[in-house]
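Following: one structure in structure tokens, then a few remarks.
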Amino acid sequence: TPQDALRAIEGGVPIKTLNVGSMAHSTGKTMVNNVLSMDKEDVATFEKMRDLGVEFDVRKVPNDTKKDLFDLISKANVQ
């Protein structure tokens, strides 16, 4: 989860780039593309990681085109 990644980073794990490849849909979450579903807590966590200098590689498999995480979040209007 994004929260687990943030805990690792805050605990000293030097993560420069994080692959965001799939986050399953569940009640209360918004689909931001065909494989990512998140809520406001997830968005806030990604924002914290961005503020810590983490870059995001958004794609499910290596052959997919890389997407901009915050562009997807903005377009999806996560509530």
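The values are calculated or read from the model by the stated rules, or taken from the named source; none is laboratory data. Quick caveat, the model's predicted, so the values are computed rather than measured. Ideal geometry is used to build each Cβ from the backbone, glycine not excepted, and the neighbour counts take in all protein chains shown.
Table for the structure above
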quantity: Only one of VAL35, VAL61 that is surrounded by 17 or more Cβ atoms within 10 Å (Cβ to Cβ), more than 10 Å from the chain's Cα centre (by Cα) and at pLDDT below 95; calculated: VAL35
quantity: Where a residue in the stretch 41-57 is at pLDDT 95 or above and its partner, wherever it lies, is in a helix (DSSP H, G or I) and of a type in the set (Val, Ile, Thr), with Cβ under 8 Å and at least six apart; calculated: VAL43/ILE73; PHE46/ILE73; MET49/ILE9; LEU52/ILE9; VAL54/ILE9
quantity: Selection count, the stretch 11-32, where residues are surrounded by 10 or more Cβ atoms within 10 Å (Cβ to Cβ), of a type outside the set (S, T, N, Q) and over 17 Å from PHE56 (Cβ atoms); calculated: 4
